[in-house]
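Each remark here refers to the structure printed beneath this line.
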Amino acid sequence: MTRWFLLFGLLATLTSCHSAPDKPQADGTAEPVAAPPRIGALMVETAQRFELAGKARTAGRWELSAYEVGEIIELFDVDMSRAFLPDVCDDSISEPMFSQLLDHQLPALKKAAEQHDAALFAERYQLVSASCNTCHATCAVPFVEVPDVPGHDVPRMDPVDVQITATPTGHGEPEQAPPAGSPPATDAASAPSP
């Protein structure tokens, strides 16, 4: 029992040591400063909203699409501007790209949705996607791929080098795909008889 109190006391001490400094208010009292948001959680919300914007566009739900892009703009402007990027990110690439997305590409995508212009929306969607993928590559997460076509899962979830094959029980089991250019594998039961 004493161990739990010691552990709780240690955690409370460590937590209080790492809290953000207090910000003075006009009346002289201190107001706690919120910790910066986590970039991972913000990216998950951004991906969800980007996917919804694309799917809404393909469903002809233009207002919903414009709304979701507007929410992404707000995420970038309010939250992501306060978040810390991982140390592996190349700031010389990610910071200008962030500005380009916030100031130009995302507003242009929203405008295309507001104008109900499918061709322009597809073009702007592709530009935003390319910027996202370039930034992901500079932050050592190139495998987090944003599709360049509206209506697809974000991040891209289509199989890369794994095929799903049915088993006798009817459940899919992953198998490694054969190398490109190799003939399809056959088993003895399905091979033609000589």
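The numbers here are math on the coordinates, done by the rules we state, and not lab data. These figures come from a predicted structure and were not determined experimentally. As a convention, Cβ positions derive from the backbone with ideal geometry for all residues, glycine included, and neighbour counts pool all protein chains shown.
Please list, by residue number, every one of the trypsin sites (Lys or Arg not before Pro) in segment 43-130 that is coil in DSSP and has at most 16 other beta-carbon atoms within 10 Å.
R61, R82
To check my understanding: the extent here is largest minus smallest coordinate of the Cα atoms along each principal axis. What are those three numbers for segment 39-138, in Å, largest first?
Principal extents (Cα only, largest first): 40, 22, 19 Å.
Roughly how many nanometres apart are two label points built 7 Å out from the Cα toward the Cβ at K111 and D153?
It works out to 3.4 nm between the two label points.
Percent relative contact order of segment 39-138, based on C-alpha pairs within less than 8 angstrom and at least six residues apart?
It comes to 30 percent, rounded to a whole number.
So what are the ³J(HN,Hα) numbers for segment 87-102, from phi and the Karplus equation (6.51, -1.76, 1.60; θ = phi - 60°), rounded to whole Hz, Gly and Pro as x?
Per residue, the Karplus-derived 3J(HN,Hα) values read 4, 6, 6, 8, 4, 5, 9, 5, 5, x, 5, 4, 4, 4, 5, 5 Hz.
Using 0.36 nm per residue, how much length does the chain from L120 to A35 gain when fully extended, once their Cα-Cα distance is taken away?
Contour length minus the Cα-Cα distance gives 26.7 nm.
Could I have the simple spin-label model distance between V78 and Q48, label points 7 Å from Cα toward Cβ, reported in nm to one decimal?
It works out to 1.5 nm between the two label points.
How much length, in nm to one decimal, is gained on full extension between D161 and A140, taken as 0.36 nm per residue of separation minus their Cα-Cα distance?
5.5 nm
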